[in-house]
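Data first, discussion second: the structure below is written as structure tokens.
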Amino acid sequence: MSSIAWLTPSSSKHSKWLVAYVRRNYPAINQKLSKRYLSAKLFCQAFKENVESYWPDKYERSAQLTKLRNAWDQEQSRKSRKTQSLSIQLDGEVKKQFSEFVKFHKLTQAKFIEELLFHYNTPNGETDLFKTADTRRQDSLDKEKLEVEISALKAKLIDKDKEIERLKSKVKKLTKSTNSSKSGKSDIQEVIKKAFEEHVQGKIKS
């Protein structure tokens, strides 16, 4: 199981990074901690102490802690690499949107571009851009719920089809029975008619 022992609240690098990371990726957790803890150190400490309550399921917790550690390692790897300048020309409206995104996500322009590239290269591509872990989990739950609903509806359709076939078969039998009854009735009427005619004609002759 993944551990969070590596996270050191007393380290300003760890604590400040965690505050920014939680703010971007776990808004619900950030809201709880931000209301109670003003310093990054206390925020980090509280997060570490209560991590089991955020993800009670041990497998989910393990996945989230692994993701957290990977994000920290990636951050350190980026800082250790030599940077190069990038100059691009943007349309005025695009530049405005770019600046708004940077401000909204509380990132530098360079960091924002890195995030864009990182998320663009994930299996989900652009559609998964800047989704938090909470929204991804909710999407997964919604998908499972819809799949269950679809399966239930398919089962109902199968039952309805069977019911339709049963009713069709019943109607077919009743139709045969009705036709048979009509045929029998016609035969009886014909016998009665003949007997009546013979009786009347016999009386006439006598």
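Looking at (1) surrounded by fewer than 13 Cβ atoms within 10 Å (Cβ to Cβ); (2) at pLDDT below 80, which one does Glu93 not meet, given that it meets all the others?
Going through the list (1) surrounded by fewer than 13 Cβ atoms within 10 Å (Cβ to Cβ); (2) at pLDDT below 80, Glu93 breaks only (2).
Does the range 43-54 contain any residue that is modelled with pLDDT of 90 or more, among the β-branched types (Val, Ile, Thr), assigned to a helix (DSSP H, G or I) and farther than 25 Å from Glu114 by Cα?
The answer is yes, given that some residue of the range 43-54 is modelled with pLDDT of 90 or more, among the β-branched types (Val, Ile, Thr), assigned to a helix (DSSP H, G or I) and farther than 25 Å from Glu114 by Cα.
Just name the residue that is modelled with the lowest pLDDT out of those in the range 1-17 that are surrounded by fewer than 18 Cβ atoms within 10 Å (Cβ to Cβ) and under 17 Å from Thr66 (Cα atoms). Don't jump to the end; show me each part of the working.
We begin by selecting, within the range 1-17, every residue surrounded by fewer than 18 Cβ atoms within 10 Å (Cβ to Cβ); these are 1-6, 8, 10-13, 16.
Now narrow it down to the ones that are under 17 Å from Thr66 (Cα atoms): 1-6, 8.
Values: Met1: 47, Ser2: 63, Ser3: 81, Ile4: 89, Ala5: 91, Trp6: 92, Thr8: 93.
Restricting to residues being surrounded by fewer than 18 Cβ atoms within 10 Å (Cβ to Cβ) and under 17 Å from Thr66 (Cα atoms), the top hit is Met1.
Scan (1) out of contact with any Leu (no Cβ under 7 Å at 6 or more places or on another chain); (2) modelled with pLDDT of 90 or more; (3) part of a helix (DSSP H, G or I) for the single condition Lys35 breaks and write down its number.
(2)
Can you run down the residue pairs with Cβ atoms below 6 Å, 6 or more apart or on separate chains, where the first is in the range 126-155 and within 19 Å of Leu68 (Cα to Cα) and at pLDDT below 75 and the partner is polar (S, T, N, Q) and surrounded by fewer than 13 Cβ atoms within 10 Å (Cβ to Cβ)?
What qualifies is Asp128/Thr122.
Please determine, by comparing only the residues of the range 18-39 that are free of Cβ contacts under 8 Å to residues at least 60 places away in the same chain and open to solvent by less than 30 Å² (accessible area, probe 1.4 Å), which one is nearest to Val102 (Cα to Cα).
Tyr21
Within the range 2-17, track down each residue that is over 14 Å from Glu49 (Cα atoms) and not in a loop (DSSP other than H, G, I, E, B).
Matches in the range 2-17: Ser12, Lys13, His14, Lys16, Trp17.
Where residues in the range 99-110 are open to solvent by less than 70 Å² (accessible area, probe 1.4 Å) and within 29 Å of the chain's Cα centre (by Cα), which of them is modelled with the highest pLDDT?
Across the range 99-110, the extreme among qualifying residues is Val102.
The values are calculated or read from the model by the stated rules, or taken from the named source; none is laboratory data. Since this is a predicted model, take the numbers as computed values, not measurements. Neighbour counts run over all protein chains shown; Cβ positions are idealised from the backbone, glycine included. Just the protein is used for accessible areas: all its heavy atoms, side chains included, with ligands, DNA and RNA removed. Shrake-Rupley method; radii C 1.70, N 1.55, O 1.52, S 1.80 Å.
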